[in-house]
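Please treat every number below as a calculation from the coordinates, not as lab data. Keep in mind that this is a model prediction, so the values were computed, not measured. A quick note on method: Cβ atoms are made from the backbone with ideal geometry, for glycine too, and the neighbour counts reach across all protein chains shown.
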4 protein chains.
Amino acid sequence: MKPAKKPHVVRFTVSVPPDLATQLDRMTREKGYANRSLAVADLIRAGLVEHRQNYGDREIAGSITLVYDHHKQHVQTTLTDIQHDHHHLILATLHVHLDHHNCLEVLAVRGKAQTVKAIADELIAARGVKHGKLTITSTGKDLPP
Amino acid sequence: MKPAKKPHVVRFTVSVPPDLATQLDRMTREKGYANRSLAVADLIRAGLVEHRQNYGDREIAGSITLVYDHHKQHVQTTLTDIQHDHHHLILATLHVHLDHHNCLEVLAVRGKAQTVKAIADELIAARGVKHGKLTITSTGKDLPP
Amino acid sequence: MKPAKKPHVVRFTVSVPPDLATQLDRMTREKGYANRSLAVADLIRAGLVEHRQNYGDREIAGSITLVYDHHKQHVQTTLTDIQHDHHHLILATLHVHLDHHNCLEVLAVRGKAQTVKAIADELIAARGVKHGKLTITSTGKDLPP
Amino acid sequence: MKPAKKPHVVRFTVSVPPDLATQLDRMTREKGYANRSLAVADLIRAGLVEHRQNYGDREIAGSITLVYDHHKQHVQTTLTDIQHDHHHLILATLHVHLDHHNCLEVLAVRGKAQTVKAIADELIAARGVKHGKLTITSTGKDLPP
């Protein structure tokens, strides 16, 4: 007797702001996906690929770019708390007031790649942050001119 | 009588292969999200930002990260000349002195995607720049929370 | 025939008490100026910047330097709210995490002297700000080299 | 026989750009000085008062604000060289492109007051810097909330 077959798909429910759902649907159409689930599956896979990069413990320099609405409750306090917990890694933060709501924040960072990645994850996952990205570059020492 | 309030969130169901769901859940925990929906919402927003990069005349915000040896002849003059030629697009530049030789420079930028890309290319191609990267994000206006 | 060229420098004679001349020469050396004229030119420019601060509707550039404990309740929210209310005047904010508690924040500003002063007052008076200072300089346009 | 009397005044010649001389003359009139020499003498005295402040060796945080024309030969190279020579004291530099010519640069600094003062002097005295100011504040540690 064969073992019970593993199901082909599992279903789960996602709750997002209505505007985000609308924009997801438009992107699904524009990119030519047959349905929303296929689009979301691809987004998850892209996220996993990025997440699993082996960052290692070499010393890197880099930047963390964040966009958030500073009116969103606690977002600023959360971001500053995280940054101060790692103030030895965060060299400086440049904050630009894009408009009445939105902030662009760029952090100059230096430290072990894996640690910097963990801080970036924490900042980007903070509620209220709309979008964030870690950009890794070199400290210049190990890079010939 | 008050008008019907816009719902705070909408719910929809996603069907994905079981392994993908499992791995999404692990990533959700590892990145520190409070729940799966928040993780998926961030993946959707990241997907939207990337998708929209293809539209050259769309307004984007972003950062340009550069590492260079300031002793390299003319590099600084070249970088500043390029930046001043586009001073309406470059909101501010954060400069960190990594060591006696190496500089980490992070520019906060805003403008049409195409123009920002062209400036980034010009800066990164400048003689003496060891490494550079353009990170595109949103001005926040077109990205629902 | 070419038009008469504008002279590069003009010369004029200054009469001052002998001790003042001696002390000017010492300061010129101590500050590292190549000669006395360069030192006096800088003193004149500094005098002009200060003199013009009295004109409330003159456009100035400057910086606002703040030190605060980010754990102090609401201080960060208050500071960001004020800054966003005037996001056209505040070009960018540089935030350095001095230690677990203390923040050094430096704002680059440009606008009418009077308005900039009012914003600086509001920021410095905010509860939780330990110390703050407005530094007025020129936008460079009205200051000859 | 009485010794030769010390002269009441000494004369020396100053060479400055023509526009600066014109603006000095206007300020001399506006401030109500009887002549240019009296105005310059007061500017020298104001400079001396500031120069002689006892900065001491306590640890301070602060900012150095500079305005310069980046087209002026070597100014940028000179400023960066000085900054890198003291990269442990200069936490980060915020650079804003005011217009095609003029730059506003704000440095966040931390270190012994006297050392920071010496670096500020060197930067401000650099040829091409139109105006500069050192703003001293506290690291926050020694300042009760």
Query - Which listed pairs, of A:Lys31/A:Lys133; D:Lys72/D:Lys133; A:Lys112/B:Lys31; A:Lys31/B:Lys112; B:Lys72/C:Lys141, have C-alpha distances above 25 Å, in listed order - result: B:Lys72/C:Lys141
Query raised in the report: From the label point of C:His100, set 7 Å along Cα to the beta carbon, how far off in nm is each other copy's matching point, shortest first?
Result: 3.5, 4.0, 5.3
Query raised in the report: What FRET efficiency would be calculated for the residue pair D:Phe12, A:Thr115, taking the C-beta separation as r and a Förster radius of 45 Å, to the nearest 0.05?
Result: 0.15
Query raised in the report: So, with +1 on the Cβ of K and R and -1 on the Cβ of D and E, and no other charges, what is the size of the charge dipole of chain B about its Cα centre, to the nearest 20 debye?
Result: 840 debye
Query - Pairs of alpha carbons in the range A:59-137 whose separation is greater than 15 Å (percent) - result: 49 percent
Query raised in the report: Taking amide H positions as placed 1.01 Å from N in the peptide plane, with prolines and chain starts having none, which residues 5 or more places from D:Leu91, or on another chain, fall under 5 Å of its amide H?
Result: D:Ala108, D:Val109, D:Arg110
Report task. Round to the nearest 10 and give me the degree value, 0 to 90, for the angle of helix B:75-85's Cα axis relative to the longest principal axis of chain B. Result -> 60 degrees
Requested in this report: Positive end of the charge dipole of the protein assembly as shown (Lys, Arg +1 and Asp, Glu -1 on Cβ, about the Cα centre): tell me which of D:Ile82, C:Val10, C:Val129 has its Cα farthest that way.
Outcome: C:Val10
Report task. Along Cα-to-Cβ, 7 Å out, sits the label point; list in nm, shortest first, how far the one on C:Tyr55 is from those in the other copies. Result -> 3.2, 4.5, 5.2
Query raised in the report: Size of the dipole of the range C:59-137 about the Cα centre, Lys and Arg at +1 and Asp and Glu at -1 on the beta carbon, nothing else charged, in debye to 20?
Result: 160 debye
**Report entry** Set of aspartates and glutamates with alpha-carbon distance to D:Lys117 below 16 Å, sequence-local pairs under 8 removed
**Finding:** C:Glu30, D:Glu50, D:Asp57, D:Glu59, D:Asp85
Query raised in the report: Based solely on its DSSP helices, what 222 nm [θ] is calculated for chain B when runs of n ≥ 4 H residues each add -39,500 (n - 2.57) and the sum is averaged over all residues, nearest 500 deg cm²/dmol?
Result: -12000 deg cm²/dmol
Query raised in the report: Who wins for biggest fluctuation among D:Thr28, D:Thr77, D:Thr13 in a Gaussian network model of chain D, springs between alpha carbons below 10 Å?
Result: D:Thr13
Report summary line: Taking only C-alpha positions in chain C, Rg and Dmax in angstrom work out to 20.5, 71
Query raised in the report: To the nearest 20 debye, what charge dipole does the protein assembly as shown have about its Cα centre, counting +1 at the Cβ of each Lys and Arg and -1 at the Cβ of each Asp and Glu?
Result: 420 debye
Report summary line: Ratio for the protein assembly as shown, C-alpha Rg to 2.2 N^0.38 Å, reads 1.12
**Report entry** Across the identical copies, how the C:Glu122 labels are spaced - nm, sorted shortest first, 7 Å along Cα→Cβ
**Finding:** 3.3, 3.6, 4.0
